[in-house]
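Notes for the one structure printed next.
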Amino acid sequence: MKIAILGAGAWGTAIGISLAARHEVTLWVRDAAQFAAIRSARCNERYLPGFALPDNLVVESDFAAAANGCALALVAVPAGGLRETLRRLKTERCAAPVVWLCKGFEKQHARLPHEICAEELGAGMRCGVLSGPSFAEEVARGLPTAVTLASSDAGFARAAAQQLHSTTLRIYSSDDVVGVEVAGAVKNVMAIAAGICDGLSLGLNARAALITRGLAEITRLGVSLGGRPETFMGLAGVGDLILTCTGDLSRNRRVGLKLAQGVPLADILAGLGHTAEGVYSAREVARLATELKIEMPITHAVCRVLDDHAAAGAAVRDLLQREPKAEY
């Protein structure tokens, strides 16, 4: 299958390395300087250093050349760049199905990726989301990984999952697009909270409690938006949540660790070098929770630290002082 991967960040590069073993893959690089560097070194030193690109993986700077003629377009840009990329696909009249790899809400509008796709490409477009517990470095290394490909077209989800599936990159299909997208977006917010928890040395008991109550928040929001409860118990839900809240490769967790140390957010993001989607999704999640009258105290506590410059320790104390209540 001819696959265009649109976006050469860590995840786009890693999945390109993985899929090149059995597909004809083109990796589109937007930035001209980055394209020149990758083409010269045959390695994405900026976002995924230390991993050589396979000889048969084509690196392309021309969007039209990358997209035209592909049988599947994998959009691997951050959530904030999804709309622009879909518009470019429409301009190029690319009729290939689209699968996005980003996890987050669109800023200011709180749109989920499938809503953006419907607005830009039309409701009848064959499309879906690929999400789950998947650090880019481990995928590039060929370590076992399992993720979910969800589409409202269950037949497309099964067919695309089968095409991309391998012994090391196991892909399960689902038709719960909303559930998979909400889980992927909100777990990043919870990972910031987990980083704060660990950065304040609150202990493993506290981290386990935070992850569990964070899952409750994710599920409440996801079900209210149309997701199914069982999705949040699967790979895209609890699986991705555990990985992102505990793994040292998690960018969002690293943000939380630095916030716990009192480092200003602007300095954290400048030093990160990658997008930490939870920073941008937290505001949209909190706004949705308020509009829908959904209780999401961990999310609001993260927003206090991010937006109101509240001390991490004070935000934690406020959470701990909440009145006791029934778990369910």
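Pairs are defined by a Cβ separation below 9 Å, a sequence spacing of at least 6 or placement on different chains, a first member in the range 206-220 that is among the acidic types (Asp, Glu), and a second member that is outside any helix (DSSP H, G or I); the pairs so defined are Glu217/Ile294; Glu217/Glu295; Glu217/Met296. As a summary of the residue check, Val25 satisfies the conditions (1) crowded, with 24+ Cβ neighbours inside 10 Å; (2) within 30 Å of Ala282 (Cα to Cα); (3) of a type in the set (A, V, I, L, M, F, W, C) except for the one numbered (2).
Would you check which residues across the range 149-182 are of a type in the set (S, T, N, Q) and either under 19 Å from Cys245 (Cα atoms) or without any contact (Cβ under 8 Å) to a residue 24 or more places away in the chain (or both) and list them?
Step one: filter the range 149-182 for residues of a type in the set (S, T, N, Q), giving 151-152, 162-163, 166-168, 173-174.
Within the range 149-182, Gln162, Thr167 meet the criteria.
Criterion applied to Val186, Val223 was being open to solvent by less than 30 Å² (accessible area, probe 1.4 Å), among the aliphatic types (A, V, I, L, M) and assigned to a helix (DSSP H, G or I), and the one residue passing it is Val186. Screening the range 48-70 for residues that are open to solvent by 50 Å² or more (accessible area, probe 1.4 Å) and assigned to a loop (DSSP other than H, G, I, E, B) and picking the one that is nearest to Arg93 (Cα to Cα) gives Asn68.
The values are calculated or read from the model by the stated rules, or taken from the named source; none is laboratory data. None of the values given here were measured: they were computed from a predicted structure. So basically every Cβ, Gly included, is an ideal-geometry build from the backbone, and we count neighbours across all protein chains shown. Accessible surface areas use protein heavy atoms only, side chains included; no ligands, DNA or RNA. Shrake-Rupley method; radii C 1.70, N 1.55, O 1.52, S 1.80 Å.
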